[in-house]
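Have a look at the structure below, then the notes.
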Amino acid sequence: MSSSRQIVADVVVVDYGLGNLRSVTRGLERAGAGVEVTDDVADFEDADGIVLPGVGAFSEGMENAGPFRDALLEQAESGTPVFGICLGMQMLLTTSEEAHHEGQGDVEGLDLIPGTNVRFRGDQKVPHMGWNELDVQREHPLVEGVDGEHAYFVHSYYADPDDADAVVATTDYGVDFPAVIANEAGNVFGTQFHPEKSGETGLRILRNFVDICAEE
């Protein structure tokens, strides 16, 4: 993978107990970010951007992220770039079928991008694991230069936003589903795949994110 570049933005990675913090931090540093892993919401205010990583279950993610909810919403509303990765992306939505599937009732997401996370249906093997091609649907600075490239996915649920315009890029796994989503303002976005595990494609995504942060 390409070497690091000069630091161009300061980013916080939210430590709420479920993130792949080491590899995300390393990827962001290669992309030109000064990175602080934090569980203190006071650190959000001075950051150029916020990363919400995540692996695991939606309900546990939202429970653990509860103390950060108000601060995340406030920063998103103020225009700070907020980047959700995998489970972190799913947490940007309103709710998830996963909670119902696991018998955990209604679990409220951050609702920064209205919609529901749905489980793969049909004959697809779950979880979906492996490399898939990205099909960019509309312009967004996060996906500059990655149309037709491949990224690494590991998940059983995928985002189904209420607004089709929230879909930035898709991929195919028996069904076309969103690989990248963003809110209307463009400052809240997420990838279903793991950029920190996606080689040069992922590094390009992370560099694009850092550049977005530097422009804010």
Worksheet item: Taking θ as phi - 60°, what are the ³J(HN,Hα) couplings along the range 151-159 by the Karplus curve (6.51, -1.76, 1.60), each to the nearest whole Hz, with x for Gly and Pro?
Response: 9, 9, 10, 8, 5, 10, 10, 9, 6
Practice prompt. Would you mind calculating the gained length between D162 and E77 on full extension (0.36 nm times residue separation, minus the Cα-Cα distance), in nm to one decimal?
Written response: 28.7 nm
Worksheet, complete the sentence: Bridge orientation stat for the chain from DSSP, antiparallel percent rounded to 5, came to 55
Response to the item:
Between the alpha carbon centres of the range 136-201 and the range 1-73 the gap in Å comes to 18
Fill in: Alpha carbon Rg of the range 1-116, scaled by the compact-globule rule 2.2 N^0.38 Å
1.07
Item to complete: Determine, for each peptide in 4-12, 174-182, the mean count of other beta carbons within 10 angstrom over its residues, then list the peptides with the highest first.
Response: 174-182, 4-12
Discussion item. Can you work out the Karplus-derived ³J(HN,Hα) for every residue in the range 118-135? Use 6.51 cos²θ - 1.76 cosθ + 1.60 with θ = phi - 60°, whole Hz, and x for glycine or proline.
Written reply: 10, 8, 4, 10, x, 9, 5, 6, 10, x, 6, 10, x, 8, 9, 7, 8, 10
Worksheet item: Put +1 on the Cβ of each Lys and Arg and -1 on the Cβ of each Asp and Glu in the range 9-215; which of H150, A33, M62 then has its Cα farthest toward the positive end of the dipole?
Response: H150
Item to complete: Quote the FRET efficiency, to the nearest 0.05, computed for E133 versus A42 with a Förster distance R0 of 35 Å and r equal to the Cβ-Cβ distance.
Response: 0.30
Discussion item. Run the simple label-point estimate for V118 and R69 please: 7 Å along Cα→C-beta, distance reported in nm.
Written reply: 2.5
Worksheet item: Got a sec to turn the phi values of the range 198-209 into Karplus ³J(HN,Hα) couplings, 6.51 cos²θ - 1.76 cosθ + 1.60 with θ = phi - 60°, whole Hz, x for Gly and Pro?
Response: 10, x, 5, 4, x, 5, 4, 4, 5, 5, 4, 4
Worksheet, complete the sentence: Amide H contacts under 5 Å for V107, restricted to residues at least 5 apart in sequence or on another chain and with H modeled in the peptide plane, are S96
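None of the figures in this text is laboratory data; all of them are computed from the coordinates on show. Nothing here was measured: the structure is a model prediction, and the numbers come from that model. Positions of Cβ are generated from backbone atoms using ideal geometry, with glycine treated the same way; all protein chains shown enter the neighbour counts.
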